[in-house]
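Written below as structure tokens is the structure these notes are about.
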Amino acid sequence: MYIGILGAWIAVFLTLSILSYLYEDNVFYKFAEHIFVGVSAAHWASIAFWNQLQPNLFGRLWPQAEIAALDGFQKFWYGIYHGLHIIFGKIFPEATINGVLYRGIGDQPQNLTYLIAFVLGLFMLFRLIPKIGWLSRWSLAYVIGMAAGLRLYGYMSSDVIGQIHATMLPLWTGDVGSSINNIILIVGVLTGLFYFFFSVEHKGALKVVSRIGIYFLMIYFGASFGFAVMGRISLLIGRFNDLILYSGKEYGFATPILLVVMIVVLILTTRKKKSEEV
Amino acid sequence: MAKVSFLEKLDSLDRRIIFLIIALVVFIPLLVPMGLPIETTQLTEDAFYALDELPQDAKILMSFEYGPSTKPEIHPMAISVLRHLFSKGNKVIIMCLWPDGLFMANEVLDLVARQEFDLEYGVDYVNLGYRPGNEAIIKGITKSFAANFSIDSKGTSISQIPIMHDVQTARDVDFIFSLSAGYPGAIEWVLYAGDPLQIPVSSGNTSIQVNQLLPYVKSGQMKGIIAGMPGAAEYETMVIRKIENNIGIITDEARELLPNFKERRNATKFMDAQSIAHLMIVLFIVLGNISFFVKRRKQKKY
């Protein structure tokens, strides 16, 4: 119960600290901002390690195996695992089940090609050592090449071909409403594209086409602005809803108390700043 | 010295006064709800009916790509969509492409699957957890789930989870629903799973993303979207209306839970504040423009 109350006080304090930036830049805001950056980075790193690296990389290099049944290379390979277990016991666990010793993680089939990914991952860390930092370029080359190839395919098939296909519409469908919709869509696409075509000077009739393109773009920006406002207001509603929830007796009146304290501190620091300026 | 009118003063108004007014118009309707009516739109209806038409044995892949910063918009959608699917007896496979998505998913599942419907983990639903890799993970599961999710969020091997026994790749799911707040999100699901495998995709997304996603809806690459908080409120209304009017497949548990659904309507509750804040912003824009033109006219005069 006390943990819940403490959590509410922390949530209220951090929310009000961030909102206090609307008044002016201040110590509360800076404190909350730094906490956010640090906690986010640590949180992401921790989640990525325990959800991805440990089960999906180490789990494939060393899936759980009965040690007594291993021989040859596998015996040597699991010997390395044992060494890692001695140093990082939590990451590389060993278990004794019914008197039988098991080493390894999960029950995925062993796949030693993951060693390539492991080595490329290590290369990325070499950026911390200037002398061999150049090795990280190999890893980056792989990431960039893979991402570019993957995205090119996706964009070409769904965005370029898919969207061009969706724009090939009949100008007359038999229904006035949908025909007008189709005409607006086609005119919008063509004039919008023409606005970004700079190989001919936009004058005379071409200027009119380009102008129509701008109007379509302006409508798009206006709609985007409207949606952006809607989104931001929604987020504000969410924070206010929590502030209202935590203002009750069951949470020790967290919101009103912290709000008053912060307003007093902000007024005092502003006054002090002004008197120093004078 | 020329007299300064009220409209001219507005031009140099301290922005903190505007912040304070916005805070008040959001705060007051939250304290004193007005119950403004919710009208459903085509976008939300398309998403709702696409999910509603799925058969009872359908498996839906839900991906959580949002975090606390966009929770007020997307969390109510996640709750409503899960209530809708579980009220039809559908099975749900959950995964996350954002690290925070895992916590959002756990929170929603705890409320809807465990507390409300009392469903069995691993049989009726599963949370596979978060995997870093963005679209590479989406592309990966089109080939093999097990290669990308060797364990679920609780550390159980995927081979020991009953709901996953006949789901080897993304081809084996009947629908993909992305709860998306940015990249990676709904667009990546269309590009790397929906279009290549011809699996229907829909999304619950933030307002900011709506303009980016509309071309995919228009082209049929997405089956409607739930757009921002208004979309969430519409979906809540549609789920309740479906159960109240006994339309389509509805389980007995869902009928019993109807009063609970009606009571916990977060998005609908928030829509009063949203509507009033929008009216105030429209007023600001109109006044700001009038002030600008009055000032410009005066400058031309002198």
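Every number in this text was worked out from the coordinates using simple rules, so none of it is lab data. Since this is a predicted model, take the numbers as computed values, not measurements. Using ideal geometry, Cβ is built from the backbone for each residue, glycine included, and neighbour counts are taken over all protein chains shown.
Three principal axis extents of the protein assembly as shown based on alpha-carbon atoms, in descending order, are 97, 71, 65 Å. Take the alpha-carbon centre of the stretch B:190-269, take the same for the stretch B:74-127, and report the distance between them in whole Å. The stretch B:190-269 and the stretch B:74-127 have Cα centres separated by 14 Å.
Here B:K139 is the anchor, and the aspartates and glutamates within straight C-alpha reach of less than 18 Å, apart from those fewer than 8 places off in the same chain, are A:D159, B:E65, B:D172, B:D174, B:E188, B:D195. Measuring between alpha carbons in the structure, the pairs from B:K88/B:K218; B:K9/B:K295; B:K59/B:K143 lying more than 19 angstrom apart are B:K88/B:K218. Between the listed residues B:G248, B:M238, B:A277, the Cα displaced farthest toward the positive end of the dipole of chain B, a dipole computed from Cβ unit charges relative to the Cα centre, is found at B:A277. Fewest neighbouring Cβ atoms within 10 Å first, the residues B:H84, A:H82 line up as A:H82, B:H84.
Cut-off 10 angstrom, C-alpha nodes, Gaussian network model of chain B. Which of B:L24, B:L54, B:L102 fluctuates the most? Ranking B:L24, B:L54, B:L102 by mean-square fluctuation puts B:L24 first.
Normalised by residue number, the volume inside the convex hull of the Cα atoms of chain A is 373 Å³ per residue. Amide H contacts under 5 Å for B:L128: B:I94, B:M95, B:S153, restricted to partners 5 or more places along the chain or on a different chain, H placed in the peptide plane at 1.01 Å from N. Backbone N atoms of the stretch A:95-121 closer than 17 Å to the 7 Å Cα→Cβ label point of A:H82 belong to residues A:95-97, A:99-105.
Ordered by the count of other Cβ atoms within 10 Å of each Cβ, fewest first, B:E116, B:E73, B:E53 give B:E53, B:E116, B:E73. Label-to-label distance, A:M156 versus A:W138, with points set 7 angstrom from Cα along the beta-carbon direction: 2.9 nm.
Summarising the label geometry, the points placed 7 Å from Cα in the beta-carbon direction at A:E277 and A:L101 lie 7.2 nm from one another. Kirkwood radius, the stretch A:187-278, all distinct C-alpha pairs, inverse of mean reciprocal distance: 18.4 Å. Pairs over the 25 Å Cα-Cα cut-off, from the set A:K30/B:K71; A:K274/B:K298; A:K207/B:K300: A:K274/B:K298; A:K207/B:K300. When A:I18, B:I17 are arranged by Cβ crowding within 10 Å, least crowded first, meaning fewest neighbours, the order is B:I17, A:I18. In terms of the Cα gyration tensor, with a ≥ b ≥ c the square roots of its eigenvalues, is the stretch A:169-234 rounded because a/c is under 1.5, prolate because a/b exceeds b/c, or oblate? Here the stretch A:169-234 falls in the oblate category. Here the stretch B:215-259 is scanned for amide nitrogen atoms under 12 Å from the site 7 Å beyond the Cα of B:L36 along Cα-to-Cβ, giving B:230.
How big is the charge dipole of the stretch B:42-264 about its Cα centre, in debye rounded to the nearest 20, if each Lys and Arg gets +1 on its Cβ and each Asp and Glu gets -1 on its Cβ?
Working: 18 positive and 28 negative charges, 80 e Å.
It works out to roughly 380 debye.
In this label model, B:Y121 and B:E53 are separated by 3.6 nm, measuring between points 7 Å along each Cα→Cβ vector.
With all pairs of separate Cα atoms included, chain B yields a Kirkwood hydrodynamic radius of 20.9 Å.
Given 20 °C and 1.002 mPa s, how large is the Stokes-Einstein diffusion coefficient of the stretch A:113-168 in µm²/s, with Rh as the Kirkwood radius over Cα pairs? Walk me through the numbers on the way to the answer.
Numbers: Rh = 13.4 Å.
Here the translational diffusion coefficient equals 160 µm²/s.
Once the piece of chain linking A:A48 and A:D25 is laid out straight, how much longer is it, given 0.36 nm per residue of separation minus the C-alpha distance between them?
Details: separation 23, 0.36 × 23 = 8.28 nm, distance 3.34 nm.
Gain on extension, A:A48 to A:D25, equals 4.9 nm.
Please identify which residues in the stretch A:184-199 have an amide N closer than 13 Å to a label point set 7 Å out from the Cα of A:L206, following the Cα→Cβ vector. Under 13 Å, as judged by backbone N against the label point of A:L206, lie A:194-199 of the stretch A:184-199.
Its Cα centre serving as origin, the stretch A:4-114 has a Cβ charge dipole (Lys and Arg +1, Asp and Glu -1) of approximately 220 debye.
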